[in-house]
Structure formats: structure tokens, C-alpha cells
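Reading through the C-alpha cells given below for one structure.
The values are calculated or read from the model by the stated rules, or taken from the named source; none is laboratory data. Since this is a predicted model, take the numbers as computed values, not measurements. Here the Cβ positions follow ideal geometry from the backbone for every residue, glycine too, while neighbour counts run over all protein chains shown.
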Amino acid sequence: MHPFSVLVLIAFAFISLEVSALPYKTLVAPITKDTKTSLYSITLNSREKYVIDINAPLSWRLCQTPASSVSCYAPQCIQARSFLSGLCPPANNIWMKYGQCQCVVTPVNSVAKSCALGKFTYNNFILSWTNGKNPTGKANLNNIYFSCAPISLFKSFPQGANGLAALSRAPLAFSSQLTPSNLGMTKKFAICLPSGDGAPGVSFFGNGPYTFQHFLPTQFDAAKVLSYTPLVKKSNSVEYYIGVKGISINGKASKFSPNAFAFDSNGNGGVKLSTLAPYTILRSDIYNTLLNDFAKATKNIPRVKNVSPFGLCVKASAMGWYRVGLMAPTIELEFGNGIKWRIVGANSMKEVGNDVACLAFVDGGKTAKEAAVIGSFQMENNLLQFDLAGSRLGFSSSLYSYRTSCTDFNFTLGV
């Protein structure tokens, strides 16, 4: 064997030994909510905030210093350019002298529906390792790919945002890049969105456990209460869809047309998850049925004038409160495998002030592209695990039911 080959094998063995010696193979980072925009940001590099978009193919940020170039011929460039946006003008690569070429991509702000041309680049990112209970030390991940973006692309973002964190199925989304297989990590991440701006929620990259402080002296591992349903793949899409078959209110199934939630022959329909939609959006036929059935289930609660964009508002004090929010009828999303996602008052009723609470679902119109888009209000204080390797979604339903919340992860450095 060639001496150089021996050296490579020795070096690889050393690296493998170091990786296997890592006590934990999960990363953790805080999630904050901006109440003005209802957007959520993950904190990377200790203090940089990136708006979370679980459906974006590529992350981007403002590059304040000269960014490293990526060759047009690099496989990462080819992957990134397979997601060029039609919102942008033609994204031609930049040719330099001596036949060198710099990769150009199209970062997108899906909130403002805007796009820009950006230099494709890479850098190091710092997160924290965790034992599932506390951060245990810093992790420096090298050569993470993203796009530079102009300041004009930050319109409608929270003040102080540094960029966007893509967490989709795409191969260059942070969801894949922050779970590198060479560190023995599983292609899996979890998010737990906070309901306010007082304390951070939490994100995990890797297997878990996902431990939260509990009202008892013991701690609570939310991974143990997850239910699972398959992630549904839509052709030519890296977005997350789930196979909802029906909706029930207080255990009574609402009556929808056959295949109301399914994809049609044109690829429209289906039920998508989104961290950018503040409330769940339903196609009109589905929305009207849900609204009517919820109105019947709350017929004894006094009505008040509706507050936009909601279609049913009630006197909150007449409904009353308990541990999981307002004492509203329980809404359940029913999946084909018999599993149900339980939506309690904290996630179904939006308190808008002046003793008014509204059903937090909105009408997307008769020709909505999706049958339903599950919005972030319905996700708050629910742990959601996106298992990319297993192509399934894990969900806890409200953590309030277990006397804990997304803000109860202990970010104090442990050992």
C-alpha cells in the first residue's frame, strides 16, 4: 500500500475515534419570537438571529465582509442552482479571468415575496452541544453553505435579523448541514416555538432527548410523548406536507367532501406546515365547515364583533381558562394512520384583548393552492420533530398538558 494511503487511513481512524468519543450528538439553539411580525428566529454564532423558514431551500444572510467564492463547477453550486427562483431575473454565474467562475443563486424572502441575486458562499457556524438537558459546550461546524443577500431582502423581517435559516428537505438547508453524518448525527431536527417574547423556545439538531423543566422536581423528556405521522412528499417540492384525512371537534368528525385534503391531478391541495403563516389557513370549503361546527360547539358562549382576519370571536371570560388555555372545544387533526394531533384552547383561540378571543383559523379562499397550511400559532408550545431520515413528523400536542412549555429548556451551561 502506498505510504500516503496509510497516512490517510490513520488520519481517518483518528477522526472516527474522536467523533465516536463525543458524549453527545445533538446540537441546541434558542428560538425567539418577534411579536410585531409573528416570526421566529434561531440564534446561531452566539448572537446572530436567523428567521426560521421550514420550507426554504437555501439559507441566506447579510455578508458584511468579503465572502468566499464557490466555483460554478462545485457540486454544492449545482445543488443550490437547482432551486433558482422564478421571482428573480436570470441568475447568471459570474465569469472571471482565466476561466474561473463564481456561483450565483437566488435567495428568497417568502414573507415579502421578494427575491435577489446573491453570491453563493460558505462559512463556519457555532452552536452548542447538548445532553438534552443543558448546553454542554460549543460546536464549530465548518463550511456551511448559504447565500449572501442585500439589505433590501430583509423587508418585513424582525428588526436586527441577520438572515434566514432554511430548514426544509433540501440538501443544503441547515436542517441537513447542521446534522452532518461524519459526526454520527441523525438527519433529524426539532423545533419548539415560544408563544411570546419573554423567554426563548428551543431547537434541537439530532436525536435528542428533549428535556424540559417540569412542575415536579423531575425533568420531562418530550421525546417520549411524541406521536408520529409520515411526511408526504410532493413532486418537485422540498416543503413539508402531512396526510390529514379529517378534522373533529370534541370527538365529533366534521363532514368534508371526499378527498378534501388530498392533492388533485394538478398537484394542488394537500396540507403543508409553515412557520411563516401566523395562523392556519384553510381553503374556503374546509374553513366554512370548521367554522360552522365550531360555532355549534360554542353556541352558549356570547359572540362579539369579529376581529380581522378571524371569522368567529367570543367573550373570552365566558369561555373560561384552565391549564391549557381557554376552555375551548378540542380540535383534532386526524391522520391516515389513526393518529390525532390535538389542538387545545391555547392553540385554537387567539386572545386579541378587551375580553375577546377568536378562532385562530383563517379563510384562504376558494382557490387556495393548499387545502390547509398549518400556521405557527397552532405549533406554539408543541414540540415538532422533523425526522428527515425516517420521513416522518413527530408531534407532542400542547406541552401545557404536561405542565411544561417550550420556554422551559434550561440554557444554563451544563457538564
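For the reader, a short list of remarks on this structure follows.
- Residue in the range 133-148 that is in a loop (DSSP other than H, G, I, E, B), touching a strand residue (DSSP E or B) at 6+ places or on another chain (Cβ under 9 Å) and closer than 24 Å to Phe411 by Cβ present: yes
- Counting only strands (runs of 3 or more DSSP E) wholly contained in the range 327-408, the ones carrying 2 or more residues that are more than 22 Å from Val238 (Cβ to Cβ), without any contact (Cβ under 8 Å) to a residue 40 or more places away in the chain and assigned by TED's automatic domain parsing to the domain that holds Ala262 occupy 349-353.
- Candidates are the residues of the range 85-128 that are over 24 Å from the mean Cα position of the chain (by Cα) and assigned to a strand (DSSP E or B); the one that is nearest to Pro150 (Cα to Cα) is Lys119.
- Number of positions in the range 283-321 that are in contact (Cβ under 8 Å) with a residue 12 or more places away in the chain, among the hydroxyl-bearing types (Ser, Thr, Tyr) and not in a helix (DSSP H, G or I): 1
- Candidates are the residues of the range 231-253 that are in a loop (DSSP other than H, G, I, E, B) and not polar (S, T, N, Q); the one that is surrounded by the fewest Cβ atoms within 10 Å (Cβ to Cβ) is Gly251.
- Evaluation of Asn142 against (1) modelled with pLDDT of 95 or more; (2) at negative phi (one fails), failing number: (1)
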